[in-house]
Structures are given as C-alpha cells and as structure tokens.
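This report concerns only the one structure given below.
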Amino acid sequence: MAAAAGALAGAAALVTLAVGAVGAAYGAGDGPGGGDRSGGAAAGASSGGVLPPAGARGDGGLLSGLTRRSDGEGVALRAYGRFAPPGSFVPSTALTYDRMLVPAGAWIVVEQSTERSGTVVRARVGGVKAGYAFGAHVHTAPCDADPAGAGPHYQHRPAPGAEPANELWLDFTTDAAGEGNAETRHDWRLRRGGAQSVVLHAEQGGAGTRVACFTVPFGGYGTP
C-alpha cells in the first residue's frame, strides 16, 4: 500500500504550474521589444549549451512544467517537457511518435512572449537525432495518441496554404549533440485558445510526417 501511495504522489507531481514575472520566463532583453518582426522563422543549429530546467532533464521525477504570466498588457510563457510514447505509465505533455528521430527522454522547451506590438515564440530541443533537419509548427489542438489529433497549423488569418508569414514556423537543424533551436517573430498576437501545441515533423517546410508533439497552452487575446 505504501508503494502504491508513493507512486500516486509521484504522478500527481508530474505537472507543475506557477505564476511569476516575465523575468521568470525570459532573460533580460528578450521578447518582442527588439529585433525584426517582419514574420517568418529564423532557426539556429545549436542551443548554445542552454539546458532546460532540472525537471525537463528528469531530475526530481518531473516530465513537464509550465510558468506563465498573463495580464492586460502581455503574455509570457515557458513550458518544458520530456518526450514519452503515447500510453506510457508515467504520462507526459510531450509525445514521441518516432523514437528513431525523437527518443523517449529527449527534451523540449517552448517560450512565448506576446505584447501589444507582437508575438515571439522560441523552441529548444535536446536528445533528438543529431544532424537532422526537423520541421516544426504551432498547431491548433493539444497532442493526442493519434498524431493527427493536434489539428492543423495555427494561422493568423484563415488561408488554404501554409505560409510562414501567416503561421508560427520553428524549423531547426540539430547539431552533433542532437540539440537545436528556432525562433519566430510576428507583428500580430495570438487568439485566445487558438494555439495549443508544437508539432515536430520529419521534413522542413509546410508539411511532413508528424514525429513528436508537445502540448503548450499558448496565451492569447480576444475570442478564439
């Protein structure tokens, strides 16, 4: 009985939610206050040695976590998780559908900064296939055991085609250590409830097989 109680307590601690200032989610000078906001995505080949929070690496038994601030002036969010296969005994907000490209235990960190002037979304990953060109986009629904469950790309304005200026693209290429990062900036804000996950694809560009998914409750304004 004691072992069962301990397992339940550990599972209850998997997801943490905390409210803090913008500085808890971003370093000084980050966010939409600087840089180009013309749209599209700019990807880097390496995460620059930046690691996710301890929980994202499995320390303390945490697989995922979230820090968010939202008020009338802006939204700041930082979510992290470790990938696990759908149906794992210990659930995670990050799911891998292709363990050759995204092994169980690989990590992801997603940050959002939205103010009246626009939106910045950043993603960092580690522990995935080295030297690989991943596609990545923000999608409209939470992750599901069925990769298609995350819905289509989030679009600023409904359109028949996938275009980086109208969507949140985060394509990246990993380095020799299996780490990579990307950033996208736009001069528009997200609709409340309209963006709910980041999907990793086997190919870069507007489509491709979905190899992993991370549920992220992006903050927004107005009605969905």
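The values are calculated or read from the model by the stated rules, or taken from the named source; none is laboratory data. Since we're looking at a predicted model, the values are computed, not measured. Cβ atoms come from the backbone with ideal geometry, glycine included; neighbour counts cover every protein chain shown. SASA here: full protein model, heavy atoms, side chains in, ligands and nucleic acids out. Shrake-Rupley method; radii C 1.70, N 1.55, O 1.52, S 1.80 Å.
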Inset, instruction - Would you tally the residues in segment 148-169 being over 15 Å from A182 (Cβ atoms) and either of a type in the set (G, A, S) or open to solvent by 40 Å² or more (accessible area, probe 1.4 Å) (or both)? - result: 14
Inset, instruction - Assess whether G205 counts as being over 28 Å from P91 (Cβ atoms) and in contact with a strand residue (DSSP E or B) (Cβ under 7 Å, 6 or more places away or on another chain). - result: yes
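Determine, yes or no, whether A123 is surrounded by fewer than 16 Cβ atoms within 10 Å (Cβ to Cβ) and either in contact with a Pro (Cβ under 6 Å, 6 or more places away or on another chain) or outside any helix (DSSP H, G or I) (or both).
For A123, the condition - surrounded by fewer than 16 Cβ atoms within 10 Å (Cβ to Cβ) and either in contact with a Pro (Cβ under 6 Å, 6 or more places away or on another chain) or outside any helix (DSSP H, G or I) (or both) - is not met.
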Legend entry - segment 170-180, residues that are surrounded by 23 or more Cβ atoms within 10 Å (Cβ to Cβ) and not charged (D, E, K, R): L170, F172, T174, G180
Legend entry - Pair list, Cβ < 6 Å and 6+ apart or interchain, from segment 114-142 residues that are over 12 Å from H186 (Cα atoms) to residues that are part of a loop (DSSP other than H, G, I, E, B) and open to solvent by 40 Å² or more (accessible area, probe 1.4 Å): A130/A176; A133/Q204; G135/E203; G135/Q204; T140/P152; A141/Q196; P142/Q196
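Within segment 153-224, which strands (runs of 3 or more DSSP E) (wholly inside it) include 1 or more residues that are farther than 24 Å from S117 by Cα, among the aromatic types (F, W, Y) and in contact (Cβ under 8 Å) with a residue 12 or more places away in the chain? Give the derivation first.
Working: elements: 180-186, 197-201, 210-215.
The strands (runs of 3 or more DSSP E) meeting that bar are 210-215.
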Inset, instruction - Scan segment 99-113 residue by residue and report those that are open to solvent by 50 Å² or more (accessible area, probe 1.4 Å) and touching a residue at least 24 places away in the same chain (Cβ under 8 Å). - result: M100
